[in-house]
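To keep things clear, I will list the structure first and then write my remarks on it.
Values in this text are rule-based calculations from the coordinates and carry no lab data. Fair warning: this is a prediction, and the values are worked out from it, not measured in the lab. For neighbour counting, all protein chains shown are included, and Cβ atoms are generated from backbone atoms with ideal geometry for every residue, glycine included.
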Amino acid sequence: MNQVYFDHNATTPLDDAVLDAMLPYLRSEFGNASSRHSFGARARRAVERAREQVAEAVGAEASQVVFVSGGTEANNLFVKGTGESLKPSQIVVSPVEHPCVAKPAQELARRGWKLRKLKVEALGRVEAADLELALSEPTGIVSVMLANNETGVIQDVACVAQAARSRGAWVHSDAVQALGKISVDFSALDVHALTVSAHKIYGPKGAAALVLDKRIELKPLLSGGGHEKGMRSGTENVPAIVGFGVACELARLRLDKLGAHLQALRGRFERGVRSYGGVIFGDGAERLPNTSYVGFRGIDGDALVIELDKLGYAVASGSACSSLKSGASDVLLAMGVEPELAQSAVRVSLGKDNTVEQVQELLAALEAALARLEKLSAVTI
Ligand SMILES: Cc1ncc(COP(=O)(O)O)c(C=O)c1O
């Protein structure tokens, strides 16, 4: 049976053009980018070209791009790195952040920082009045993601940044899910730091970037040879960085067309979901064009994912990065969704190669899976 993939917020397949660009650096061009000889020089040139491609995709300068191993590392680097270099005060985060922001923030709280989680309204957006209230206390760090990995809901990060900057705080945004799906512009967002990751945009796993305002001082997580201007020691993963650069270029070039394609597919999917009595979380808020997070009363989300997988469709229940954790999604609970409905949540995240036919087939499979689970729960009761 052919499996159809609808879990692009978890990860994406490698683009053929990305793989082609990477292959020479996995074969003959294996040099260490720090070496003085020609092998090293060619690897260095490839890394610097990728730095320009990443910078161009996010409206930043190449000198602001720090390559790291993943979005998780970039977020840890910002939160812990600034937490170490600033005098402890308040760190403000949204309650819907990915665990790789939420947990480092908790670690700062154990080291003398005051952790303040903002409130979000029912559609998942940060409450502006609560942000103002939070910022009335001395604040060193603010981190609010650009788009949520579960709901796809987009935050007004420029507005958060403006308010936080005026109080002297350093502002970061996790744009891992936003890149390649909506326009991401470091200077327009006016944040001090931004996280992006290759494997969410048809690039390889193991490459990401923290885009950083040069005025920000942060303590590196790793000590060593002083790579990446001392921000991230360790021999560069040249093939992955090259792939990340090409993936960024492709994402930039295809953004408008892809956005329209994804939006059309999602509209079709959600019309079907509504006709089956489903709830769409974050519906009415500005969302990523590819993301649909839905729930069906009385149905267990994990059971629905397994049923759909048996029928040949890969979807997710909640964040894939925390899929080993059971229980209702923290994101939905923060939005005030009742736990029983939150427990039913299933995420469909579309990608560039999904087609109208595949979405139609997914809807038919969903209808069959719902009917089967309803029948099973009637028998159990
Ligand atoms: C919003 C968000 N931030 C950060 C990450 C972590 O990125 P990486 O998998 O590159 O470590 C993810 C991954 O799912 C994510 O969705």
(request) Note the per residue figure in Å³ for the convex hull of the C-alpha positions in the chain. (result) 136 Å³
(request) Could you pull out every one of the lysines with an alpha carbon less than 24 Å from that of LYS181, ignoring same-chain neighbours closer than 8 positions? (result) LYS200, LYS205, LYS257, LYS352
(message) Looking at the calculated P(r) for region 248-365, what percent of the C-alpha pair distances fall above 19 Å?
(response) 47 percent
(request) Please name whichever of VAL4, ALA57, LEU146 sits farthest to the positive end of the charge dipole of the chain, dipole taken about the Cα centre and charges placed at Cβ: Lys and Arg +1, Asp and Glu -1. (result) ALA57
(message) With +1 assigned to the C-beta of every Lys and Arg and -1 to the C-beta of every Asp and Glu, and no other charges, what is the dipole magnitude of region 275-377 about the Cα centre in debye, to the nearest 20?
(response) 100 debye
(message) I want to check the label-to-label distance for GLU84 and LEU253. Put each point 7 Å from Cα in the C-beta direction and report it in nm to one decimal.
(response) 4.0 nm
(message) Using Cα-Cα distances under 8 Å and only pairs 6 or more residues apart, what relative contact order does the chain have, in percent?
(response) 23 percent
(request) State, to one decimal in nm, how far the label point of GLU56 lies from the label point of GLU217, with both points 7 Å from Cα in the Cβ direction. (result) 3.5 nm
(message) Run the reach check for LYS310 against lysines, Cα to Cα strictly under 18 Å, same-chain hits fewer than 8 apart removed. What comes back?
(response) LYS375
(request) At 20 °C and 1.002 mPa s, grab the translational diffusion coefficient of region 28-157 from Stokes-Einstein with a Kirkwood Rh over Cα pairs, rounded to a whole number in µm² per second. (result) 126 µm²/s
(message) I need the peptides 286-293, 221-228 ranked by packing, meaning the mean over residues of other C-beta atoms within 10 angstrom, with the highest value on top.
(response) 286-293, 221-228
(request) Taking a cut-off of 19 Å between Cα atoms, list the aspartates and glutamates near LYS80, but don't count ones fewer than 8 places away on the same chain. (result) GLU97, GLU107, ASP174, ASP213, GLU217, GLU228
(request) Enter the mean projected area of the convex hull around the alpha-carbon atoms of region 326-381, in nm², rounded to one decimal. (result) 5.5 nm²
(request) Find the relative contact order for region 55-120 and round it to a whole percent, using C-alpha pairs within less than 8 Å whose residues are 6+ positions apart. (result) 31 percent
